[in-house]
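Where a number appears in this text, it was derived from the coordinates with a stated rule and is not lab data. Because the structure is a prediction, the values reported are computed rather than measured. Note that each Cβ is placed from the backbone with ideal geometry, even for glycine, and that neighbours are counted across all protein chains shown.
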Number of protein chains: 2
Amino acid sequence: MPVANEIVVQVQERVRDEAKRRGVRWTSQRQVIVEQFLLAGEHLTADELLVRSKEVDPAIGAATVYRTLNLLVEIGVAQRVRLGGGSASFEPVLGRAHHDHLICLACGLVVEFEDEGIEKRQNAIAKKHGFVLRHHRLEMFGLCPKCQERLAAE
Amino acid sequence: MPVANEIVVQVQERVRDEAKRRGVRWTSQRQVIVEQFLLAGEHLTADELLVRSKEVDPAIGAATVYRTLNLLVEIGVAQRVRLGGGSASFEPVLGRAHHDHLICLACGLVVEFEDEGIEKRQNAIAKKHGFVLRHHRLEMFGLCPKCQERLAAE
DNA sequence: TTGGCTGCAAATCTTTTGCAGTTCG
DNA sequence: CGAACTGCAAAAGATTTGCAGCCAA
């Protein structure tokens with residue numbers, strides 16, 4: 001069994017426990033949706049998650065996906081990110097290191113990166129203002145190398 | 001005349017010139033909308049901007065506000081930010097130093113801050129990936145001092 | 001058993017778009 | 001004059017909500 005799956009199982013258990021602690025029921029639909037969400041690894045939209053979930057259980061409706069995603073955000077397992085475009089994307093908070101995004105304005109390419117220095121700096125700023133930090137999101141927009149080249153050639 | 005107004009006039013002229021350079025027309029509605037946008041200083045939603053603009057010229061429609069905001073973003077004078085909630089907020093890129101946001105999850109308080117160190121680090125990361133940076137947004141979510149106290153007391 | 005959850009469809013909300021008339025350049 | 005712009009209303013898209021039936025605890 002690949003390592004990735006073990007992580008999925010671990011996180012899923014954590015989610016289920018957290019749900020139970022809050023008196024939230026664990027249904028087969030939530031099982032499927034959370035599993036697909038964690039397996040995806042990549043950030044994905046509610047609609048993309050709906051498609052993947054329907055592949056496992058075609059009866060699952062969009063409303064349930066939205067309700068589950070909101071639940072995950074509330075519990076602190078998922079995070080909303082904005083990568084441009086019309087709809088919000090979500091990604092797991094646990095199971096992999098936190099990362100931020102570098103987005104190409106021309107072709108939409110999304111590069112994920114991690115940076116210890118930025119995280120530290122953020123904590124310092126939060127402390128300065130007396131905040132207790134839960135999470136953050138950093139999105140940097142610009143032109144990727146290929147698009148720079150392409151645009152320069154035109 | 002207050003200093004703030006001079007800045008508004010300066011930026012507005014820059015916007016108008018940039019518009020002209022692109023062959024974009026300068027109408028009375030755009031004049032009003034851009035003026036209100038710059039005067040607000042604070043980040044504001046399309047709807048808030050519509051309300052303010054209607055106070056000056058009640059005939060202005062929502063579509064024009066959206067079209068103008070998109071134009072400003074395209075020109076690089078405005079930036080979309082997401083402060084939670086359903087609708088996007090916008091804020092001027094010029095006329096004041098760049099800043100990021102610290103947002104309280106409990107009461108919605110938004111603290112704006114600037115940090116040289118983070119900006120530098122971001123540029124370094126962009127360069128590492130070969131990106132040319134246009135802009136970025138950093139939003140940190142947590143609990144403000146008051147809400148920490150309030151929640152602890154409960 | 002029973003209150004929370006589900007799917008469906010309808011309702012909301014935000015943002016975009018088509019169109020006929022208006023206006024800037 | 002002619003292309004770009006405007007307001008309106010309709011459309012489009014994303015997300016939420018009401019409701020009747022279903023199911024985990």
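Orientation-averaged projection of the stretch B:12-87 equals 4.9 nm² [convex hull of Cα atoms, one quarter of hull surface area].
Between this copy and the others, label points of A:LEU105 are 3.2 nm apart in ascending order, each placed 7 angstrom from Cα in the Cβ direction.
Inter-label distance, A:HIS98 to A:ALA62: 3.3 nm, where each label sits 7 Å from its Cα along the C-beta direction. Structure note, pairs A:LYS128/B:LYS120; A:LYS146/B:LYS20; A:LYS127/B:LYS127; A:LYS120/B:LYS146; A:LYS20/A:LYS54; A:LYS146/B:LYS128: Cα-Cα distances above 21 angstrom occur for A:LYS146/B:LYS20; A:LYS127/B:LYS127; A:LYS120/B:LYS146; A:LYS20/A:LYS54. Sparsely packed loop sites in the stretch A:93-151 (the GluC sites (Glu not before Pro) outside DSSP H, G, I, E and B with at most 14 other Cβ atoms within 10 Å) comprise A:GLU114. Among the trypsin sites (Lys or Arg not before Pro) within the stretch B:1-65, those in coil by DSSP and having at most 12 neighbouring Cβ atoms inside 10 Å are B:ARG22, B:ARG25. Between the helical axis of A:116-128 and the longest alpha-carbon principal axis of chain A there is an angle of about 80 degrees.
Springs between Cα atoms under 10 Å define the GNM used for chain A, and in it the highest mean-square fluctuation of A:HIS98, A:HIS135, A:HIS43 occurs at A:HIS135. Just to confirm the numbers: A:LYS146, label point 7 angstrom along the Cα-Cβ line, distances to the other copies in nm, shortest first? Sorted ascending, the copy-to-copy spacings read 4.9 nm.
Taking Cα pairs under 8 Å and at least six residues apart, what relative contact order does the stretch B:5-92 come out at, in percent? Kindly include the intermediate steps, with their values, before the conclusion.
Details: 85 pairs, mean separation 25.2, N = 88.
It comes to 29 percent, rounded to a whole number.
Considering only alpha-carbon pairs that sit under 8 angstrom and 6 or more positions apart, the relative contact order computed for chain A is 18 percent.
Defining a contact as two alpha carbons under 8 Å apart and six or more residues distant in sequence, what relative contact order in percent does the stretch A:100-153 show? Result for the stretch A:100-153 is 49 percent. With respect to chain A, whose longest principal axis is taken over its alpha-carbon atoms, helix A:62-75 is tilted by about 80°. Each copy carries B:ARG22; placing its label point 7 Å along the C-beta direction from Cα gives inter-copy distances of 4.2 nm, listed from smallest up.
By the compact-protein rule of thumb, 2.2 N^0.38 Å, the alpha-carbon radius of gyration of the protein assembly as shown corresponds to a ratio of 1.12.
Against the compact-protein benchmark of 2.2 N^0.38 Å, the Cα-based radius of gyration of chain B scales to 1.19. Each label was represented as a point 7 Å from its Cα along the Cα-to-Cβ direction; for B:ASN70 and B:LEU39 these points are 2.6 nm apart. Database remark: amide H of A:ALA78 closer than 5 angstrom to the amide H of A:VAL73, A:VAL93 (H placed geometrically; neighbours at sequence offset of 5 or more, or on other chains; Pro and chain starts carry no H). Shape of the stretch B:100-153 from its Cα gyration tensor (a ≥ b ≥ c, root eigenvalues): rounded if a/c is under 1.5, otherwise prolate when a/b > b/c, or oblate? Cα axes put the stretch B:100-153 in the prolate bin.
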